[in-house]
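None of the figures in this text is laboratory data; all of them are computed from the coordinates on show. Since this is a predicted model, take the numbers as computed values, not measurements. Using ideal geometry, Cβ is built from the backbone for each residue, glycine included, and neighbour counts are taken over all protein chains shown.
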Amino acid sequence: MRKTVLFLLPLLFLAACSRPAGDLRLNELEYFERQGVNVLVYSNTFSGGFNDEKNSGIEVIHHGVRTIQGGAIRLCNTPEQWDLVPQTTSRTVDPDAGTIEVALRYPDYDFDSRLVVSTEGPAFRIDVYLDKPLPDALVGEAGLNLELLPSQYWHKAYLMDGKPERFPRYSASLTTTRPNEEKVRQFKGYRTYDDRGTGRFVDPLPLSVGHTLLAAPDDPERMVKVCSEDADLMLYDGRILAQNGWFVLRSLLPAGKTGKVLSWTVEPNAVDGWVREPNVGFSQVGYLPSQPKVAVIELDKLDKPRAKAEVFRVREDGGTERVFSGPVKSWGDYFKYHYAKFDFSSVQEPGVYFLRYGDVRTNDFIIGEDVYDRITDATSDVWIPIHMNHMTVNEGYRIWHGEPFKEGYLQAPAHTDHFDLHSQGAIDTRYKGLELIPGLNVGGFFDAGDFDIETGSNISVVQNLVSDWERFKPMRDETFVSEEQRYVDLHRPDGVPDVLQYIEHGTLNLVAQAENIGHMAQTLSNSVLDNYHHLGDAAAITDGLHYDPRLKPYQKSADGRSSGTPDDMWAFTTRNPGLDLRAATMFAAASRALAGHNDDLSRRALKQSKRLMEEGTALMSRGQGGARGQARGFGNMSTNLQLYVSTGERHYLDDFVVQVWPALDRNVNSSISAALDAVPYMDASYRERLRPYVEEYKHYLDTLELQNPYGVPIGLGNWAGSGNVVSYGTTAATAGKYFPDIIGPEYALRAAGYLFGCHPYHNYSLVAAVGAARPKEVFYGNNRADFSFIPGNVAPGLLFRHPDHFENYDDWPFLWGQNEGTIAGNTGYLIFGAALQDLIGK
Ligand SMILES: [Ca+2]
Ligand SMILES: [Ca+2]
Ligand SMILES: [Ca+2]
């Protein structure tokens, strides 16, 4: 990718130099640009359903921050996730005319439209064309929408046709209700709302109506002017329906017309000569005295790199002194920005320091022998126990959540597609659709920012925790866990190592699945979308009463034990033999770890392990389970190794050995982790045979420094890549432990540096509450509506937006691809932390 970008740069730079200041121009990356303003037109398209749609359509990156997106024909005033989104059936860039045209289609309504975006000096124009008149069903519903990021506009002023107003900090605007028959269909017919039996849905009313909106005249970096020539321009507050809503500008499309039916001009203000402030990336957690210390400085391409940067020490009398000044070395361009590095490794004396690069003074950080000692404490003491399902979780004066899902789980009805990407086929258990499956409301961990038990993730969690336990024996005890009381109290030691209790808690649910269902469920999840997007106390998601379809909705039975509200969670039970085999492997591991702590559960886990292994293997060899089953585990070398460790049966090890060398020959990077995991169980000859592959792996690690300025694997998917960096760090630390003469600690430390602040966009630690001076402050946890975090969460981090923008909002928690942590990912981070501490001799 770097090559491509480098190739394009001279053109871009010429364009930048030759254009008259103030005019938007189409650039080689197919977006409109002027200094301080990028206008993207369907560089990122809508995809519907699970994907959060605040990332698509016409978007504006305004002085470095993506503050406007969602420019599209939409079918509601303030679209939510799960509302219909348009398919982009074509996108045509005409460099000569300087236009981008997109064709949009709503197949549910056989409705097509076209948007043509062109420039008018410093502004851009959106013209909407219809080749056929608007379908009757969408008259009064279809309109041109554009959304403004609330956290960048609240508290600021706006003028609608000259009348001054203020963007509200919190949503309290007017709404109305309309009959459900008028509600535009939602994705796949799902419903995000609960009408409480009224037969009516809520529709927001506008904050303001006019023809010209001037937003944020009081903030030149956010000021934008939007004019609608003919139709009314309406401003809505999308947060009134959903906390993740944005401010929405909207004009309805006219009925009965074809051709050009609507036109807007949008002029984002550009601050004269604006150049983005340098982002000085460094480890907020700090540095070991002896370790390499390299800050990565992210610079606007129009910025002139400075020759030097400095390190200052904070003295004990409160004063500061410069202790080092050194050269800043250019690394090169990577996507939108230019990067330079500042090596201050020679500063080694323990103390409190900060960096200065030109006018930028960073916050302070510590150099000391123990800076990495506490990097996983918040994850272990706070984040993980808060995600324990089926328990009340208390911390000091605060209840994080009560005991969720007391009514248990129903068999999901046959042939049900689920909004969280699961599906129930024909029922393959002894239960009928909507019949209670007993015993499942025990143990398990919430998946992420939501509250389901993803079986695959929970299997990974137990496996991760057992690895952590067996490799590092963490005896930390800061959590009181009583499965009997169904009660967890944070920061209250109870004499049992917490990791063992977490293994037990995960195993309890998974064993219950195997025992009561007969095999592993795909997921235990919400039955209705209206409670899937729940924010708040998990115990309040369902009413705790058994669902009785003979009662009316919201009615309770006379004995108070059941209700007619169909809110009970469902178990999606369609059998996946691959998942059963993964569970069998995990149960064997859990059985080992639990022996002596909970012998009964240890025996039950082993019993299920053997049964699922036998049944899963038989099903797989009969070709059942499909591609999904095949892909997961069976015959996988990691599974064979785990099975050998768990069972001691030699044939698993033989299978592993047969697989590992060809796998390493094919691709060292993807196989080295599994190969290293085997070292403790093999003889010295294995380690020697592995040596050349570790050397090859080191070569790969070194090439990372050429791929991007941060020298770690950076993902470009729609879920940002911290998880990859954590895995890379764990593998590098493990390789460094077994082959210290080949792999130094600098690679694992580089992963830590990236997680803790040395990364694009901003320099905050991606781990909640970790990184003493400046960790991130908002995350997509289940308390995201409060613009808060759950300590120890690891954010996915830097989300790539096509074609050249990395982003991690720290004032807006609601994009999961940037800010959500997962239970499997965060338990993986525990291992990384332990492996790093082990590597550096802690
Ligand atoms: Ca989930
Ligand atoms: Ca404990
Ligand atoms: Ca219920």
- [ ] Using only Cα atoms, figure out Rg for the range 736-842 and give it as a multiple of 2.2 N^0.38 Å.
- [x] 1.15
Open item on the list: Through the Karplus equation 6.51 cos²θ - 1.76 cosθ + 1.60, θ set to phi - 60°, convert the phi angles of the range 519-531 into ³J(HN,Hα) values in whole Hz; use x for Gly and Pro.
Closed with: 8, 7, 6, 5, 7, 10, 9, 5, 8, 10, 4, 4, 9
- [ ] Would you kindly state how much longer the chain becomes between LYS260 and ARG691 on full extension, computed as 0.36 nm times their sequence separation minus their alpha carbon distance, in nm to one decimal?
- [x] 148.4 nm
- [ ] Collect residues whose amide H, placed 1.01 Å from N in the peptide plane, falls under 5 Å from the amide H of ASN269; neighbours closer than 5 in sequence don't count.
- [x] MET223, VAL224, LYS225
Task: For the range 157-281, fraction of C-alpha pairs farther apart than 17 Å, in % - done: 69
Task: Mean Cα-pair separation over length for the range 79-163, i.e. relative contact order, pairs under 8 Å, 6 or more apart, % - done: 16
Task: Spin-label proximity, GLU649 to the range 571-606 - amide N less than 12 Å from point 7 Å beyond Cα toward beta carbon - done: 585
Task: Over the range 258-405, relative contact order from alpha-carbon pairs under 8 Å, at least 6 apart, % - done: 21
Open item on the list: Quick query: amide H of ARG492 versus all other amide H atoms, modeled in the peptide plane; which residues come in under 5 Å with a sequence gap of 5 or more or a different chain?
Closed with: THR479, PHE480
Task: Gained length - ASP530 relative to THR617, 0.36 nm times residue gap less alpha-carbon distance - done: 27.5 nm
TODO: Calculate the dipole size of the chain relative to its Cα centre from +1 charges on Lys and Arg beta carbons and -1 charges on Asp and Glu beta carbons; express the result in debye to the nearest 20.
DONE: 800
- [ ] Anything over 28 Å Cα to Cα? Flag those among LYS188/LYS260; LYS156/LYS308; LYS54/LYS304; LYS293/LYS698, in the order listed.
- [x] LYS188/LYS260; LYS156/LYS308; LYS54/LYS304
Open item on the list: Restricting to Cα pairs below 8 Å that are 6+ residues apart, what does the relative contact order work out to for the chain? Please round to a whole percent.
Closed with: 10
Task: Computed P(r) (all Cα pairs; the range 400-472; 5 Å bins; percent) - done: 3, 13, 17, 21, 22, 12, 7, 4, 1
TODO: Please name which of ILE672, LEU104, HIS63 has its Cα lying farthest along the dipole of the chain towards the positive end, using unit charges on Cβ (Lys, Arg +1; Asp, Glu -1) and the Cα centre as origin.
DONE: ILE672
- [ ] Mind sorting SER722, SER527, SER47 by how few other Cβ atoms lie within 10 Å of their own Cβ, fewest first?
- [x] SER47, SER527, SER722
Open item on the list: Please report the equivalent ellipsoid semi-axes of the range 677-789, computed as sqrt(5 x eigenvalue) of the Cα gyration tensor, largest first, in whole Å.
Closed with: 32, 16, 12
- [ ] Would you mind checking which residues have amide H under 5 Å from SER765's amide H? H placed 1.01 Å from N; only 5 or more apart, or other chain.
- [x] ARG774, LYS776
Task: Pairwise label distance in nanometres, LYS432 with LEU706, each label 7 Å out on the Cα-Cβ vector - done: 6.7
TODO: Determine, for each peptide in 794-802, 172-180, 124-132, the mean count of other beta carbons within 10 angstrom over its residues, then list the peptides with the highest first.
DONE: 794-802, 124-132, 172-180
Open item on the list: Taking the number of other C-beta atoms within 10 Å as the exposure measure, put MET682, MET475, MET234, MET160 in order starting with the fewest.
Closed with: MET475, MET682, MET160, MET234
Open item on the list: At a 10 Å Cβ-Cβ cut-off, how would you order SER591, SER460, fewest neighbours first?
Closed with: SER460, SER591
Open item on the list: Can you work out the Karplus-derived ³J(HN,Hα) for every residue in the range 68-82? Use 6.51 cos²θ - 1.76 cosθ + 1.60 with θ = phi - 60°, whole Hz, and x for glycine or proline.
Closed with: 9, 7, x, x, 5, 7, 10, 10, 9, 5, 10, x, 9, 4, 5
Open item on the list: With every atom except the alpha carbons ignored, what do you get for Rg and Dmax of the range 574-716, in angstroms?
Closed with: 17.8, 53
Task: At 1.567 mPa s and 4 °C, Stokes diffusion of the range 68-189 via Kirkwood alpha-carbon radius, µm² per second - done: 77
Task: Debye, to nearest 20: dipole size of the range 578-713, +1 on Lys, Arg Cβ, -1 on Asp, Glu Cβ - done: 520
Task: Relative packing of 815-826, 695-706, which averages over residues the other C-beta atoms within 10 Å, highest first - done: 815-826, 695-706
Task: Protection proxy ranking of 428-435, 292-299 - average other beta-carbon atoms within 10 Å, highest first - done: 292-299, 428-435
Open item on the list: Given the C-alpha atoms of the chain, compute the convex hull and give its volume per residue in Å³.
Closed with: 181
Task: In sequence order, calculated HN-Hα J values of the range 552-562 (Karplus, 6.51, -1.76, 1.60; Hz; x Gly/Pro) - done: 6, x, 6, 8, 9, 6, 4, 7, x, 9, 9
- [ ] Mind pulling the per residue volume of the convex hull built on the Cα atoms of the range 479-627? Å³ is fine.
- [x] 159
Open item on the list: Positive end of the dipole of the range 770-822, charges at C-beta (+1 Lys, Arg; -1 Asp, Glu), about the Cα centre: which of ILE790, GLN818, PHE806 has its Cα farthest in that direction?
Closed with: ILE790
